[in-house]
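Just so you know, all these numbers are worked out from the coordinates, no wet-lab data involved. On a predicted model such as this, the values are computed, not experimentally measured, just so you know. Ideal geometry is used to build each Cβ from the backbone, glycine not excepted, and the neighbour counts take in all protein chains shown.
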Amino acid sequence: MILKRLATILTTTTLLFGLGSNFLMAQLLPRSSSGLTTQSETVPVPLSLEEAFPFYVSEVSPGRLRVDWFLASKHYLYRHAFKFSMTAAATGAGQAGTISVDFVLPEGMERTDQFFGEIVAYYDNVSVDISLTTVPGPDSILIIEYQGCADWGFCYPPQRAEHRLKP
């Protein structure tokens, strides 16, 4: 009530002295630490990784997998950041280690990125087909690596996820 009365008095006073009401209203708006008004300031909040880049692994056929991402609006994944491999447990015939897998990426959208320059990005949905080069053992894990950003400038760090494979 006091602010309303003060605004009325100030408006009347400024009109008498020929100052515009925009000047008055700018003086009454809350200020940020920088001294600028906060009326139009909106700072985007990053989504969690699970909200921004949820993905699912499915078996298409024996030895063939598909990883499907369903990206949040205005989020994208970098084509150059995709890597896939498989861990293999030690067996009597060989040693434990990481095995590369063959994968096929779809065409993406060419764009200029503020962090990497000219890139290929994926928006909305992206599916990656993976061919295993060996039959997975009982302790085999598919290793999925990727990285993405939000259009407004927030980039997520490179990600590494593991998905246990069925023999």
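Taking GluC sites (Glu not before Pro) across region 62-167, the ones in a DSSP loop with at most 11 further Cβ atoms lying within 10 angstrom of their Cβ are GLU107. Summing charges over all other residues whose Cβ lies under 12 Å from the Cβ of ASP68, with Lys and Arg as +1 and Asp and Glu as -1, gives -1.
Report the calculated FRET efficiency for LEU105 and THR42 (r = Cβ-Cβ distance, R0 = 35 Å), to the nearest 0.05. About 0.50, to the nearest 0.05. Per q in 0.10, 0.11, 0.16, 0.21 1/Å, what log10 I(q)/I(0) does a Debye calculation on the alpha-carbon atoms of region 49-164 return? For region 49-164 at q = 0.10, 0.11, 0.16, 0.21 Å⁻¹, log10 I(q)/I(0) is -0.33, -0.39, -0.75, -1.14.
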